[in-house]
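S.K.: Sharing a structure below in structure tokens format, with a few things to ask.
The values are calculated or read from the model by the stated rules, or taken from the named source; none is laboratory data. The model shown is predicted, which means the values in this text are computed figures rather than measured ones. FYI the Cβ positions are ideal-geometry reconstructions off the backbone, even for glycines, and counts take in every protein chain you see.
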Amino acid sequence: MRYFKALLLIFGLSCSALSFGQVLEALRLSSAEEKTRLVLDLSALPSYSIDRTTDPAQLLIDIEATSLGDSIVLPELTGSALNNIALQTQDSAVHVILDLVQPELVIDDFLLGPHLLRGNRLVLDFYPARPTSIAPLAAPAVVVEKVPEKNQNVVTEVPSESSLPAESTDEIAARAPAKASWPFTFSGTWEQEWAGYTDDGDSQKFEATIEPRVDLELPSGASITTIFRVRLDTVGDIGPEASRPDNYSTINGPFYNDAHAELSLREMYLDAEWGDNFWRIGKQQVVWGQADGIKVLDVVNPQSYREFILDDFDDSRIPLTMLNLEIPLANDSTLQLLWIPDTTYHELAEADTPYFLTSPKLVPQPVPGLETRVDKANKPDDFLEDSEAGLRYSSFWGGWDVTLNYLYHYQDFPVLYQQLEKTATGVEMLITPEYERNHLFGGTLSNSIGTDLILRAEIAYNSDSFHVSSAIDEQGIGRSAEVSGVVGLDWQLTSSTLLSGQYFQSSLLDYEPSIQREESERNISAYLQQFFLNETLQFSGLLLYSTDTEDTWAQVKLKYMLQSNLEIWLGADVFSGDEEGLFGQFEDTDRILVGLEWGF
């Protein structure tokens, strides 16, 4: 009966496509009298080749080891140097075919690395003729490095004058002469953020997060990336107080940590292409899900819940030491294999901090008249016996991007077993946290509906999930298989406006009335992103609402890019609802935020 129910729920939820490996995420086009610029946003710096034909007048771009993203919308071409854009996928590569208005167009291409609002980009400029003169500008220094095998220039952006237009740094860098490159590049970000409670105006944090990054190119074509994190918080309200939270394995965790400071190795991994396969070895993040707000498949890496789910997942996700292998297959398919010996789990907010979990659906409640004692977590720590493994198959079937996922892992939330224990003075409630194994089977699908709609979804079947129960004779825990999923629709209203809606559902297949949560839980979300002022001003808003407990979380943020490497923002997080709900438990922690981020 359990598996019959699972099949019904699986067929009842469409599944979403997730990017696998390197992904072409978006195309952006801008036109002016002097040139047309086409920008291809990618999840990583690509290896690519360009061929040109005159009859017909076309530019053919082959981007290796790449798949198409979930929400690509072809840009409007009116008034540009292009007549048509076509995208094809074949043999684990994306082929971009550009029909040119004139065969004699002069074309420049270059790569740009991540910078604040923008990620990795392949940029193509189309000129009617090669410019003969350029107004003198005080060009900033640039770093030029080589992409393995394709020998393409990568330009790392640096601070520009605030008076320059939004894209002018790209133009200056593209025109700067290539220089002999060092084998490494140094970059990073400095984020400064203040948060204060709306009810009394007290500060929640005044936190600086500095993440220096070093990329080292090896003679073999491989590379090593190292990212450190330095966190300094003068308020210290969020915590943690523990110098080394016990969720970390012996090969993970900060070098130094308390409520006011942290020093840690954020990521460190080797990237290499050996035997036509792509290897990433070391401390890293692996993203299997892209749902907004609530995770379904994005469970490879644990997460820090110091600020609940308010922080960006890229910042709150805890990198793990692992082996990540991607194997290109026939028919534009890819197989990803993971081996994870790192036994690190979620970092939960400590007691007496703002985002300590209190909902009875998530944690046991004190029993009147009984003392409660929490034992030290029984945490797996064997390098081999307790390691985790996963695989993901990615392909393109009949117009649909498809992935099939499997993960054999410990669930990152500890199971809080309860039992009554006699003491010298009476009886007490003993809570013993333990980590339990689970088999996760999942999949994703996505496809375009017309030119501006993307249908996406993801689903996960968990063989074992554990929930707080009132049955003390069963150690206060109910065990059940669980199916969870999300269906989403992304609507690109204009080139600068994105509207997204999602429906989440989680169902227990072996539900017992003693379990404190509902048999099925449902949430809906709405997300709006709007750019203004030539994409220098961005508004974003996310609303999550539980249809069962009627509690909500709303997050809004207004960002302004002062320079290509400097942005400021104003934001707010607002909770409402019953204290038993996932969001309502934090109703007294509404906050406003002011921040800035500088890329160096």
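S.K.: F413 versus (1) in contact with a Lys or Arg (Cβ under 9 Å, 6 or more places away or on another chain); (2) of a type in the set (F, W, Y); (3) buried (at least 17 other Cβ atoms within 10 Å of the Cβ): which is the lone unmet condition?
M.R.: (1)
S.K.: Given the range 377-496, what strands (runs of 3 or more DSSP E) lie entirely inside it while holding 2 or more residues that are touching a residue at least 60 places away in the same chain (Cβ under 8 Å) and closer than 26 Å to S333 by Cβ?
M.R.: Where strands (runs of 3 or more DSSP E) fall fully within the range 377-496 and carry at least 2 residues being touching a residue at least 60 places away in the same chain (Cβ under 8 Å) and closer than 26 Å to S333 by Cβ, they are 388-397, 400-410, 437-449, 453-468, 477-494.
S.K.: May I ask you to say which residue of D342, D314, D298, D352 is part of a loop (DSSP other than H, G, I, E, B) and surrounded by fewer than 18 Cβ atoms within 10 Å (Cβ to Cβ)?
M.R.: D352
S.K.: Scan the range 224-236 residue by residue and report those that are out of contact with any Phe, Trp or Tyr (no Cβ under 9 Å at 6 or more places or on another chain) and either outside any strand (DSSP E or B) or among the basic types (K, R) (or both).
M.R.: R229, R231, G236
S.K.: Here are the criteria: (1) part of a loop (DSSP other than H, G, I, E, B); (2) touching a Phe, Trp or Tyr at 6+ places or on another chain (Cβ under 7 Å); (3) at pLDDT 90 or above. Tell me which single one D200 does not satisfy.
M.R.: (2)
S.K.: Collect the residues in the range 502-519 that are surrounded by 15 or more Cβ atoms within 10 Å (Cβ to Cβ) and either in contact with a Leu (Cβ under 6 Å, 6 or more places away or on another chain) or hydroxyl-bearing (S, T, Y) (or both), keeping them in residue-number order.
M.R.: Y503, S506, S507, Y511, S514
S.K.: Collect the residues in the range 387-398 that are at pLDDT 95 or above and of a type outside the set (A, V, I, L, M, F, W, C), keeping them in residue-number order.
M.R.: Hits for the range 387-398 are S387, E388, G390, R392, Y393.
S.K.: Can you tell me how many residues within the range 82-127 are in a loop (DSSP other than H, G, I, E, B) and either β-branched (V, I, T) or farther than 23 Å from N331 by Cα (or both)?
M.R.: So the count comes out to 10.
S.K.: A further question on this structure: Is it true that I50 is farther than 30 Å from G399 by Cβ, touching a strand residue (DSSP E or B) at 6+ places or on another chain (Cβ under 6 Å), surrounded by fewer than 18 Cβ atoms within 10 Å (Cβ to Cβ) and at pLDDT 85 or above?
M.R.: no
S.K.: Can you go through D91, D70 and tell me which one is among the acidic types (D, E), in contact with a Lys or Arg (Cβ under 9 Å, 6 or more places away or on another chain) and within 30 Å of W274 (Cα to Cα)?
M.R.: None of the others qualify; the one that does is D70.
S.K.: Hey, another quick one. Can you work out which of the residues in the range 72-100 that are under 18 Å from S47 (Cβ atoms), touching a residue at least 24 places away in the same chain (Cβ under 8 Å) and of a type outside the set (A, V, I, L, M) is surrounded by the most Cβ atoms within 10 Å (Cβ to Cβ)?
M.R.: Here the answer is S92.
S.K.: Here is a follow-up. Residues of the range 56-81 being more than 17 Å from S446 (Cβ to Cβ), assigned to a loop (DSSP other than H, G, I, E, B) and polar (S, T, N, Q), which ones?
M.R.: Residues satisfying the conditions are T78, S80.
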